[in-house]
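**Q** My structure is below; once you've seen it, I'll send some questions.
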Amino acid sequence: MTQRKPIVAGNWKMNGSFELVAEICSEVKKYKNLNVDVIIFPPALLLSEVVKNGIESGTQTISEFDAGAYTGEIQAQLAHELGAKYTLIGHSERRSIFNESDQQVADKFAQAQKSGLTPILCVGETEAEREAAQTEQVVARQIRAVIDKLGIAALNDSVIAYEPVWAIGTGKTATPEQAQAVHKFIRDMLNSYDKQVASSLRILYGGSVNEKNSESLFAQADIDGGLIGGASLKKDAFTSICNSAVGNV
Ligand code: PEP
């Protein structure tokens, strides 16, 4: 099996401050030479501050368009020039609040790669979909939208984050077994397209990860780290989550 280096990614959403960048980045620096990639996704207006601190970073979304008359949008190419290496794509808040469709998500994924950013594709079912036993169907549809547009090889330089919508910001974490089952489903699905992509692609879990549950989640065979919302704004919780990912492959 390919050794996959774990990732701990902090999604600050529309939170944070210049002070918080300084506080968190001085901790995150300590992981530079350890077996974990720590990535901060600050609000776009704080991105250059994170870059200045020498920490891996990304945007929380990007526009699917090339430069042009799109007031208020984040241009992928400029984010890359600024020093961002990654971008979240299709976070559930983008899908539900800003009505991003699977097609638009696939377009953003393409724009990210064209601009040199590594996309972290977020997928996951709502509570109603889980109760209706549609989890696999929903997750497969969201991933297939990208594969259908760009081909399976596009996933080589990307990351997937499985984030059940019912677990995001709710304190209701998926159990390690529930999360592992969906991660395995995703890896098996990718395997049916391309074995190498399936074994090397990193799949993160997101949804109320904290310092108490991170170790058991990250210990699962197909969970390669986490996408952390609320806990990524708290220095002690975030560093303890990073510690639990180090060496966990
Ligand atoms: C997220 O925003 O991607 C997330 C997982 O949030 P939280 O950790 O707060 O549930």
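The values are calculated or read from the model by the stated rules, or taken from the named source; none is laboratory data. Only a predicted model underlies this, so the values are computations on that prediction, with no experimental measurement involved. All Cβ positions, glycine included, derive from the backbone under ideal geometry; neighbour counts span all protein chains shown. The area values use the complete protein model at the heavy-atom level, side chains included, leaving out ligands, DNA and RNA. Shrake-Rupley method; radii C 1.70, N 1.55, O 1.52, S 1.80 Å.
**Q** Could you list, in sequence order, the residues of region 201-249 that are more than 23 Å from residue 20 (Cα to Cα), part of a loop (DSSP other than H, G, I, E, B) and of a type in the set (Gly, Ala, Ser)?
**A** 219, 221, 247 - these are the residues of region 201-249 that are more than 23 Å from residue 20 (Cα to Cα), part of a loop (DSSP other than H, G, I, E, B) and of a type in the set (Gly, Ala, Ser).
**Q** If we only count helices (runs of 4 or more DSSP H) wholly inside region 78-141, which ones have 2 or more residues that are in contact with a Gly (Cβ under 8 Å, 6 or more places away or on another chain) and surrounded by fewer than 19 Cβ atoms within 10 Å (Cβ to Cβ)?
**A** Filter on region 78-141 gives an empty set.
**Q** Does region 157-180 contain at least one residue that is more than 18 Å from the chain's Cα centre (by Cα) and among the hydrophobic types (A, V, I, L, M, F, W, C)?
**A** Checking region 157-180: not a single residue is more than 18 Å from the chain's Cα centre (by Cα) and among the hydrophobic types (A, V, I, L, M, F, W, C).
**Q** Here's another thing I want to ask about it. Hey, among the residues in region 161-179 that are part of a loop (DSSP other than H, G, I, E, B) and among the hydroxyl-bearing types (Ser, Thr, Tyr), which one's farthest from the ligand (Cβ to nearest atom)?
**A** Among residues in region 161-179 that are part of a loop (DSSP other than H, G, I, E, B) and among the hydroxyl-bearing types (Ser, Thr, Tyr), the one farthest from the ligand (Cβ to nearest atom) is 175.
**Q** Another one. Check residue 243 against each of (1) over 17 Å from residue 164 (Cα atoms); (2) within 11 Å of the ligand (Cβ to nearest atom); (3) more than 15 Å from the chain's Cα centre (by Cα) and name the one condition it does not meet.
**A** (2)
**Q** Separate question: Can you tell me which of 81, 19, 56, 23 is touching a Phe, Trp or Tyr at 6+ places or on another chain (Cβ under 9 Å), at pLDDT 95 or above and away from the ligand (no atom under 16 Å from the Cβ)?
**A** Just a single option satisfies the conditions, and that option is 56.
**Q** Only residues that are more than 16 Å from the ligand (Cβ to nearest atom) and among the aromatic types (Phe, Trp, Tyr): list them for region 88-139, please.
**A** Residue satisfying the conditions is 109 alone.
**Q** Okay, next question. Scan region 18-36 for residues that are of a type in the set (A, V, I, L, M) and over 16 Å from residue 244 (Cα atoms) and jot them down.
**A** 20, 21, 22, 24
**Q** Continuing with this model, one more query. Which one is nearest to the ligand (Cβ to nearest atom) among residues in region 190-222 that are open to solvent by less than 10 Å² (accessible area, probe 1.4 Å) and under 19 Å from residue 118 (Cβ atoms)?
**A** Checking each candidate, the answer is 206.
**Q** Which one is farthest from residue 204 (Cα to Cα) among residues in region 62-77 that are of a type in the set (S, T, N, Q) and open to solvent by 30 Å² or more (accessible area, probe 1.4 Å)?
**A** 71
**Q** Checking residue 66 against (1) within 16 Å of the ligand (Cβ to nearest atom); (2) in a loop (DSSP other than H, G, I, E, B), which test does it fail?
**A** If we test residue 66 against (1) within 16 Å of the ligand (Cβ to nearest atom); (2) in a loop (DSSP other than H, G, I, E, B), just (1) comes out false.
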